[in-house]
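The values are calculated or read from the model by the stated rules, or taken from the named source; none is laboratory data. Small disclaimer: the values here were computed from a predicted structure and weren't measured. What goes into the accessible areas is simple: the full protein's heavy atoms, side chains included, and nothing from ligands, DNA or RNA. Shrake-Rupley method; radii C 1.70, N 1.55, O 1.52, S 1.80 Å.
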Amino acid sequence: MLKQIAWNTFKNTGDINTFMELMEVDKAIKDANEKNLIENKEIYANRNRKIKEWEL
């Protein structure tokens, strides 16, 4: 969605800097979401390990 906003802003203003800044924001949001997903998977894996240790 942000990519579309960036593109429309560029088409209306012709300002490539605005387009590039919005694209960087979009990339940062995606990176943050991916990092959060990886951290959640690690937390889940750690919980499973602890449960298995108690089962022994």
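In the stretch 1-36, what count of residues is obtained for those that are open to solvent by 100 Å² or more (accessible area, probe 1.4 Å), under 10 Å from the mean Cα position of the chain (by Cα) and hydrophobic (A, V, I, L, M, F, W, C)? Of the residues in the stretch 1-36, 0 are open to solvent by 100 Å² or more (accessible area, probe 1.4 Å), under 10 Å from the mean Cα position of the chain (by Cα) and hydrophobic (A, V, I, L, M, F, W, C). Among the residues of the stretch 1-42, the ones that are among the acidic types (Asp, Glu) and not in a helix (DSSP H, G or I) come to 1 in all.
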